[in-house]
Amino acid sequence: MHKRAWRLSLVVAALVIAGVAALAGYRGHREHVARPGFPAVDTSQLSPGRAALVHVLAQEYAAQAGMSKYSEGNDEPWCADFTSWVMRESGKPFTNPNSGHWRIPGVMTLTDYLHTEGRWESTDYSPLPGDMVLYDKPSPKGQHVNIVLINDNGTLTTVGGGEGANVGLSTYKIADDPGIRGFGRYE
């Protein structure tokens with residue numbers, strides 16, 4: 001009976017620790033891994049709109065506000081919501097072709113919108129800060145959209161919503177992602 005009581009005490013202690021950790025907001029080891037800092041971007045040669053967009057991206061990356069802010073409270077994949085929100089805040093709002101609203105919640109609808117607006121570019125385009133990268137399978141990102149922050153001779157640094165539960169920062173070579181479908185121009 002003594003061993004059984006001891007085991008029960010261990011189980012209760014583990015449950016108490018787990019409960020306290022949950023109440024304290026502990027999210028596991030990942031929480032302790034440093035997030036990369038937002039890179040310095042020279043905006044002196046960018047249009048005022050593109051420069052404003054880089055500023056908005058820096059603010060949102062620092063804030064890590066989460067899905068609800070960008071999706072108007074809808075529980076959905078939110079990369080296109082984030083992109084729509086950032087475009088609106090930087091002075092270049094979208095117009096959803098289905099509702100007329102500023103938010104385009106889906107990557108496919110965003111892709112169609114960019115085609116219709118004459119802002120779609122093929123994969124041989126060299127994107128500028130503020131342009132969008134649109135992905136689909138077989139990209140490791142799946143069906144997704146990010147915003148270009150830096151293009152260093154085909155190595156992109158992008159910012160996107162819905163990367164995990166966060167606003168994420170990625171750096172990769174365009175040639176290394178076979179799922180890039182094209183680019184959406186900011187202007």
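The values are calculated or read from the model by the stated rules, or taken from the named source; none is laboratory data. None of the values given here were measured: they were computed from a predicted structure. Glycine also receives a Cβ, built like all others from the backbone with ideal geometry; neighbour counts cover every protein chain displayed. Keep in mind that these areas ignore ligands, DNA and RNA; they rest on the heavy atoms of the full protein, side chains included. Shrake-Rupley method; radii C 1.70, N 1.55, O 1.52, S 1.80 Å.
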Considering only the stretch 79-90, I want to know if a residue exists there that is over 17 Å from the mean Cα position of the chain (by Cα) and surrounded by fewer than 22 Cβ atoms within 10 Å (Cβ to Cβ). no
Out of contact with any helix residue (DSSP H, G or I) (no Cβ under 7 Å at 6 or more places or on another chain) and either of a type in the set (A, V, I, L, M, F, W, C) or closer than 24 Å to residue 39 by Cα (or both): is that true of residue 134 in this structure? no
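Conditions (1) hydrophobic (A, V, I, L, M, F, W, C); (2) touching a strand residue (DSSP E or B) at 6+ places or on another chain (Cβ under 9 Å), marked per residue:
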residue	(1), (2)
85	yes, yes
91	no, no
98	no, no
111	no, yes
118	no, no
141	no, yes
Result of the Cβ filter at 7 Å on the stretch 121-148, keeping first residues that are crowded, with 22+ Cβ neighbours inside 10 Å and modelled with pLDDT of 95 or more and partners that are assigned to a loop (DSSP other than H, G, I, E, B) and of a type in the set (Lys, Arg), at least 6 apart or interchain, is 131/185; 135/141
Under 7 Å by Cβ, and 6 or more places apart or on different chains, what pairs join a residue from the stretch 70-88 that is of a type in the set (D, E, K, R) with one that is part of a loop (DSSP other than H, G, I, E, B)? 72/103; 76/105; 81/103; 81/105; 88/102
Selection within the stretch 152-173 - small (Gly, Ala, Ser) and open to solvent by less than 40 Å² (accessible area, probe 1.4 Å): 154, 160, 161, 162, 168, 170
With the structure loaded, tell me whether residue 110 is closer than 24 Å to residue 36 by Cα, modelled with pLDDT of 95 or more and aliphatic (A, V, I, L, M) or whether it fails that test. no
Any pair with Cβ under 9 angstrom, 6 or more apart, that starts in the stretch 153-169 at a residue that is under 15 Å from residue 142 (Cβ atoms) and in contact (Cβ under 8 Å) with a residue 40 or more places away in the chain and ends at one that is of a type in the set (Ser, Thr, Tyr) and in a strand (DSSP E or B): 160/170; 163/170
With the first residue restricted to the stretch 99-116 and required to be open to solvent by 50 Å² or more (accessible area, probe 1.4 Å), and the second required to be assigned to a helix (DSSP H, G or I), Cβ contacts under 7 Å at 6 or more apart or on different chains are 105/71; 105/80; 105/81
